[in-house]
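Quick note: the coordinates plus some simple rules give every number you see, no bench work behind them. Every value quoted in this text rests on a predicted model; they were computed, and no experiment measured them. Here the Cβ positions follow ideal geometry from the backbone for every residue, glycine too, while neighbour counts run over all protein chains shown.
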Amino acid sequence: MKQYDIAAYIWPSYTGKEPRARQFWEQGIGEWQSVLSAEKRTEDQILPRKPLWGTVDEADPAVMEFQIKEALRHGVNVFIYDWYWYDRRPFLEQCLDEGFLGAKNNTDMQFYLMWANHDAVYTWDKRQSDLDEIVWLGSQPREEFDRVCRRVIELYFKRPNYYKIDGCPVFMIYDTVNLIKGLGGIEKTREALDAFRVLVKEAGFPDLHLQMTVWSEGAFNVSGVDSGHTGSAKDLVELLGFDSVTHYQFVHFTDCNRDFLEILPDVRKEWDRIRTEYSVPYYPHVSVGWDNNPRHRFLTLPIMKNNTPENFKKGLQMAKEYADKFNDVPLVTINSWNEWTEMSYLEPDDVYRYGYLEAIRDVFANIEAYQRNELL
């Protein structure tokens, strides 16, 4: 049976071990604080929901040992860690460094990084989530960018279970426009990325596999300085030398204030558009859901409806068909393992229990591999 790389994003906020996180979640349990205070505000919501595994510390290696086993036995074999760099140092690294990499079975699971280089705002702080203020800038100057490159090569790329395509470590950029803004324009950004590739080759790899999180296609200023250069996402792929693209969330490119089954046809149209217009592979993405209300004191839209495990499974089948038909590398990205405050997670809850994980197992998992992991 064909093996698929089912890669689930991880939001590394479910720990109290990050000192700087207390300004957002003062109780010292990370964003579980917002999950526990979630309230139902419309008839369309299935809230509140409780995590079936409890409000565990995902920076605890014993917790992650269990989660790795559960992921593998349901067909999730890659974790994509949201990775942050603010104010000249990393943020929320504990879930990766202490939890995942500290787990005894971590080498059974592959992982890679998505640099979540967006600005940090008060969205994470439920008391002030309506404030339009920046806490830390996600854009970084060249000096900081080079520090990031050296850090990820040494700490992560060199690990045997870091995810690679054709031997090249995969590194995803979440906000390409913010990257350009920090580095001072399109030409300087290309220079910085080319230098990153040189460092990766010097570390013994064939090259870097640079992956872009694609949003909507609309035109924007890509100079970072003036309006001399305008373009679209597909232009950035060419100009900056990206090797592939995928999505992070359905909400980034389509109206999610509707039924999941109404959304899927538009998602497939977007996949096909990207496939025909872009010069690099698109790896299909499926989101579990969307409802950001656990982070807010007042009703916020959109709210995705009818995203049951059965309907989520239809999205997975669509991704499988796309991967089988168009991609040499059978990579599918999923949002997400644990985005509880966006209501888009695979971890079991008290409503659907293991339903979302079982959908992945049913569509993608190698039954023999599943049975082996059952015995672990």
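The table below gives the values:
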{"item": "Long pairs among 69/104; 269/314; 104/320; 104/158; 269/325; 2/320, criterion Cα-Cα beyond 20 Å", "result": "104/320"}
{"item": "Förster-model FRET efficiency, 25 Å R0, residue 277 and residue 255, C-beta, rounded to 0.05", "result": "0.75"}
{"item": "Cα-based reach from residue 201 at 16 Å (exclusive), listing aspartates and glutamates while leaving out same-chain residues under 8 positions away", "result": "146, 154, 166, 191, 243"}
{"item": "Net lengthening on full extension, residue 362/residue 310 (0.36 nm per residue, minus Cα-Cα)", "result": "17.6 nm"}
{"item": "Selected from 360, 274, 261, residue furthest toward positive end of dipole (region 235-376; charges at beta carbon)", "result": "261"}
{"item": "Length added when fully stretched, residue 118-residue 132, from 0.36 nm per residue minus Cα-Cα", "result": "3.6 nm"}
{"item": "The chain - mean residue ellipticity at 222 nm from DSSP helices (-39,500 (n - 2.57) per run, n ≥ 4, rounded to 500)", "result": "-9500 deg cm²/dmol"}
{"item": "Label-point gap, in nm, between residue 350 and residue 105 - each point 7 angstrom along Cα→Cβ", "result": "2.7"}
{"item": "Extension gain, residue 3 back to residue 324 (0.36 nm per residue minus Cα-Cα distance, nm)", "result": "114.5 nm"}
{"item": "Charge dipole of region 1-75 about the Cα centre (unit charges at C-beta), most positive-ward option of 48, 28, 14", "result": "48"}
{"item": "Residue 268/residue 88 FRET efficiency (R0 51 Å; Cβ-Cβ; nearest 0.05)", "result": "0.75"}
{"item": "Cα centre as origin, Lys/Arg/Asp/Glu Cβ charges: region 55-209 dipole, Debye", "result": "480"}
{"item": "Only Lys, Arg (+1) and Asp, Glu (-1) charged, at Cβ; region 129-273 dipole about Cα centre in debye", "result": "640"}
{"item": "Within-14-Å neighbourhood charge of residue 126 [Cβ basis; K, R +1; D, E -1]", "result": "-1"}
{"item": "Anchor residue 126: aspartates and glutamates whose Cα lies under 15 Å away (excluding residues fewer than 8 positions away in-chain)", "result": "26, 31, 39, 291, 342"}
{"item": "Whole-angstrom gap from region 156-192 to region 27-50, using each part's C-alpha centre", "result": "34"}
{"item": "Within the chain: Cβ-based charge dipole about Cα centre, in debye rounded to nearest 20 (Lys, Arg +1; Asp, Glu -1)", "result": "380"}
{"item": "Segments 196-207, 297-308, 92-103 sorted - mean Cβ within 10 Å per residue, highest first", "result": "92-103, 297-308, 196-207"}
{"item": "Efficiency of FRET from Cβ geometry, residue 216 and residue 297, R₀ 22 Å, rounded to 0.05", "result": "0.20"}
